[in-house]
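The values are calculated or read from the model by the stated rules, or taken from the named source; none is laboratory data. On a predicted model such as this, the values are computed, not experimentally measured, just so you know. Methodologically, a virtual Cβ is constructed for each residue, glycine included, from the backbone with ideal geometry; neighbour enumeration extends over all protein chains shown. Each accessible area value is taken on the protein alone, full model and side chains, heavy atoms only, with ligands, DNA and RNA left out. Shrake-Rupley method; radii C 1.70, N 1.55, O 1.52, S 1.80 Å.
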Amino acid sequence: MHKLTILLLQFNKPLWLCHLMFSVFGLYFVMLNGIGLLIVSFSLKLAGYLGATLYQNYFTPQIYFYYRNTGNPVRKLYLYSYAIDFLLYLAIIAVYQSTLTSPHAKG
Amino acid sequence: MLRVDSVQLAFNGRKILQDIYLDCKPGEIVGILGRNGCGKSSLLKIIFGTLNPDYKYISIDDRYVKKGYVGNQIAYLPQHHYLPANITINKMAPMLVDRKDWEEFAAYPTYQAHAHKKPGELSGGEIRQLEMLMILYSSATYILMDEPFTHISPVQADDFKAILRKRVKTKGLIVTDHQYQNILEVSDRIILIENGHTKMIAKHEELVTYGYLSGI
């Protein structure tokens, strides 16, 4: 498990900036349009994942052999890293929403 | 024992591999030779599990293997560099190297000299040496090496052959390279791929008979 955590961190190193950028876009979209359009912000996040995957597949596919030689399928690493990022995104949205609807926020 | 049987591979209707059989057991080095484009690299990728042929049967100890790399059964040294450029060597090596062989691996001067560097800071030859060492010291029982001698100097090749002989005690190695003399020198058995078929080579003279070499 410890080894998989390190591998996921290494795998995400070239991707985290892209994830952060699309999370900011998504949050900004929710702030502008309201939580009712949350599902649209999910499609923004999905576009980010697609872009990151295509970028790696095109520019650095050779590094997949490093991860495969650790015994892990690349698909599994993508799935885990995107799942973790998506959960973080949901947590950010939840924090934003609870801040907005709390009595203190209404002032 | 690693057994590869009945591999069939075609690209755009052209048959590349069609009558393939090879096996390898821990303790031996199997050398694969063949002309450019005969399918040597493709065969290694099929065994590793990253290239899907039309048909294959690969087993380890009589158990069918779908993807050789899953669970660290088979490791693979590709022709090109495979280490991510932005991670230091000392962070990647523990992910690949078997824990029980760590001290022996970490004692290599190449590792000690470059452990804190990223692959982007090293020369092609230095990266290749480290990549080979990490694969040879991985926990995989079977190791596939595609052109390990191509980007290294003759002195480095001699050192590397000594390491191969040391590591083969517990592993089965399948090695292919165009530098056939190194392959002939280091291998216990030679297999030639000719017109998509594997041919077991009993005597080096047969390489001339099959037209792979003009003379020995």
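Restricting the range B:156-178 to residues that are assigned to a loop (DSSP other than H, G, I, E, B) and either small (G, A, S) or touching an Asp or Glu at 6+ places or on another chain (Cβ under 8 Å) (or both), the residue that is least open to solvent (accessible area, probe 1.4 Å) is B:D177. Residues of the range B:84-113 that are more than 11 Å from every other protein chain (Cβ to nearest Cβ), farther than 27 Å from A:N57 by Cβ and either crowded, with 21+ Cβ neighbours inside 10 Å or among the charged types (D, E, K, R) (or both): B:D98, B:K100, B:D101, B:E103, B:E104. Against the test of being open to solvent by 80 Å² or more (accessible area, probe 1.4 Å) and among the aromatic types (F, W, Y), the options A:Y58, A:Y49, A:Y64, A:Y82 yield a single qualifying residue, A:Y58. Of all residues in the range B:110-163, those that are modelled with pLDDT of 95 or more and more than 20 Å from A:N69 (Cα to Cα) total 5.
Each residue in the range B:1-18 was checked for being closer than 21 Å to B:K66 by Cβ and among the charged types (D, E, K, R), and 2 pass. Evaluating B:Y76 against the criteria (1) part of a strand (DSSP E or B); (2) in contact (Cβ under 8 Å) with a residue 60 or more places away in the chain; (3) more than 24 Å from A:K76 (Cα to Cα); (4) in contact with a Ser or Thr (Cβ under 9 Å, 6 or more places away or on another chain) leaves one unmet condition, (3). Pairs meeting the criteria (first residue in the range B:182-205 and of a type in the set (G, A, S), second residue open to solvent by 30 Å² or more (accessible area, probe 1.4 Å), beta carbons under 7 Å, at least 6 apart or on different chains) are B:G196/B:K15; B:G196/B:Q18; B:G196/B:D19. A single entry from A:Q56, A:Q62 fulfils the requirement of being touching a residue at least 24 places away in the same chain (Cβ under 8 Å) and within 14 Å of chain B (Cβ to nearest Cβ): A:Q56.
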